[in-house]
Each structure stands twice: as structure tokens, then as C-alpha cells.
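Asks: Handing you a structure now.
Bear in mind these aren't lab numbers, they're just calculated from the coordinates by the rules spelled out. What you see is a predicted model, and the numbers here were worked out from it, not measured in a lab. Neighbour counts are summed over all protein chains in view; Cβ atoms, including those assigned to glycine, are modelled from backbone coordinates with ideal geometry.
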Amino acid sequence: MKQETLTITANRSKHTTLGRLVVSAPHVGNSSVDMVVGRIGFPSVERTLHVGWTVLYETPDDGLIELRVVRIQFIAVGSLLGNQFVNEATVLVSQVSPHGGLVAGFTTEDASNAPFEPQELDRLRHSLEQTRQTVAQSADLTSAQIDFVTRKLEEMAQAASRLGRKDWLNLAVGTLTNVVVTAALSSDAARCLFQAVGSALSWLSAGTLKLLPCLTSVVSGEGDTPPTGDSAQPNAVFGDKNKFAESMRSKLDIGSAVIKLLNKLWRHKWLLK
């Protein structure tokens, strides 16, 4: 597993090699650090972390990156005016999963790809928030996994304002599949996520409900055998807890599996009616 360590003091920023992230610390206290993690052209994530706490950030080239605060200490920093004492945070940066994020590259101009109406956008945001609450309460997830799922649902909500209906459903399929694999959700947690989405978005399209069982079988390795790949890596963060993650990575190539699934769904006209 690829790892690197960086140290950071208040009002300073550091760059990581993994994921090419910019890590900033507006404030470093005695027991916590306010951290901002971002990348040029990508949204930033702001969190207050104590020692041992983590934040996950997805990158297109190095996959899912975990940043874990491993130490906060009081150090002396020399200057022209003598030593000054500041708090310094040590952050362990690890590549949790080598899989990069999925980008929905489908564009269509037919009538079924019309933009969402304003009232539908409001309802969609409410439905995705309902999904987040259901998953957080019902699924056996770590705080870092819940945080990752929340951010992905927020990205789906934001994308609805700039995509047509069919393109948005394409993105939703890829995002949900990516969440399950990248964050190494257990099969029960994956099922909970898909059921929550299907229930919350049942008003959007009857085809959505038909989509979810097919998705569940793909990400769980049931039914059709997904393509295999040689990038299987044990997950140091979630692997011991969820053996599902190891078997998933050895059986599932995310991109080709999702494209295969989408082609099947469009061919049978399951997504939109």
C-alpha cells in the first residue's frame, strides 16, 4: 500500500504526491486540527479532526486517498525573534483503493433526457438527503465511510442541475457502484444503499426500481460474472472488517462492469419509460 507522511502547522499548506492533493490547516489546536483537503479543479473537503480521525478524498488517478491525523504536538520554531512555539499535526496519507472515480460520459439529446424541472430538483435533493439519513442509521458503516457516501450523494444532487434525466441516471449508476467498491462497503451495506435510493427515488422513474436489483447482483458478484483484473489489493482500512472488499476487487473492473450493465439496461429500456 502506498503511503506518505506530512507535517503541517497552522495557516500552512502542503502538497501530497499521492493524489496530488493540497492539504491546508487553518488552525491546529492542542487536540484537533481544522483541515481543508482539495485538488486543483476539484471541490475541497473541510473537516475538524482529532488524533486517529480520518477523511477520505477521491482522485481520478490514485483512487481513494485516506488522510489520518496520527499526532499533534507542541514544537519550537526558530525565527529572528527567537523560538516560537506552535502546534504541529502529522498526517499519514494512504492509498486506500487504486480505483479512480467514474465519470459519466454519456450524452443524449432525446426527449427522455430533458432537464429536471425546478420542483423536481428540490424533490431530488430531498430524496437524496433521505437516502443519506437511512444509510447512516441502518447500515454498518464507519464514520469515514458515511462521510464518503454523503459527499457522493451531494455530488449527485449538484449534477442534477446541469444534466438531463437520462444522463443523470447514468451518473447515478456509476456513482453508486463506485461508492460500493471504492469505500469497500459490505454486501449488506451495499444492499441497504441501493434499497434506500430505490425507495427515495421511486417517484422519478419506475425503471429505477428495476435497475437496483441488477446493480446489487453486479456489485455483490452474484449473477453474471464481472470482468476480472490484476489490480486486486487488500484494503488496509476496511479489509479486515469487510472480507467483501477483497473478493470484490479481484472480480470487478468498475468501468467495464458499469458500461456492460448500462448497455443491458438501455437495451431493455429499463431506466426510462
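Asks: Amide H neighbours of Arg39 under 5 Å, counting only residues 5+ apart in sequence or on other chains, H built in-plane at 1.01 Å?
Replies: It is Val22, by chain and number.
Asks: Here is a follow-up. Enter the Cα centre distance for the pair region 1-52 and region 108-168, rounded to the nearest angstrom.
Replies: 27
Asks: Going by the alpha-carbon gyration tensor, a ≥ b ≥ c the square roots of its eigenvalues, is region 1-49 rounded (a/c under 1.5) or, if a/c is not under 1.5, prolate (a/b greater than b/c) versus oblate?
Replies: oblate
Asks: Measure off 7 Å from each Cα along the Cα-to-Cβ vector at Asp140 and Glu4, then give the distance between these two points in nanometres to one decimal.
Replies: Computed distance between label sites Asp140 and Glu4 equals 3.6 nm.
Asks: Turning to a different aspect of this structure: What whole-number value in cubic angstrom gives the convex hull volume per residue for the C-alpha atoms of region 3-97?
Replies: With only Cα atoms used, region 3-97 gives 91 Å³ per residue.
Asks: What residues have an amide H closer than 5 Å to that of Gly29, excluding those fewer than 5 places away on the same chain, when H is modeled at 1.01 Å from N in the peptide plane?
Replies: Asp34
Asks: Turning to a different aspect of this structure: Let me check I've understood the local charge: for Leu204, count other residues with C-beta under 9 angstrom from its C-beta, Lys and Arg +1, Asp and Glu -1. What total comes out?
Replies: Taking every Cβ under 9 Å from that of Leu204, the sum is +1.
Asks: Tell me, what HN-Hα J-couplings in whole Hz come from the Karplus equation 6.51 cos²θ - 1.76 cosθ + 1.60 at θ = phi - 60° for each residue of region 46-52, using x for Gly and Pro?
Replies: For region 46-52, the Karplus-derived couplings read 10, 9, 9, 10, 9, 4, x Hz, x marking Gly and Pro.
Asks: Now a separate question. By the scheme Lys and Arg +1, Asp and Glu -1, what is the net charge of all other residues having a beta-carbon under 12 Å from that of Ser138?
Replies: 0
Asks: Here's something else I'd like to know. Just to be sure I understand the model, the point goes 7 Å from the Cα along the line to the Cβ. What's the resulting Ala76 to Glu117 distance in nm?
Replies: The two pseudo-label positions are separated by 7.0 nm.
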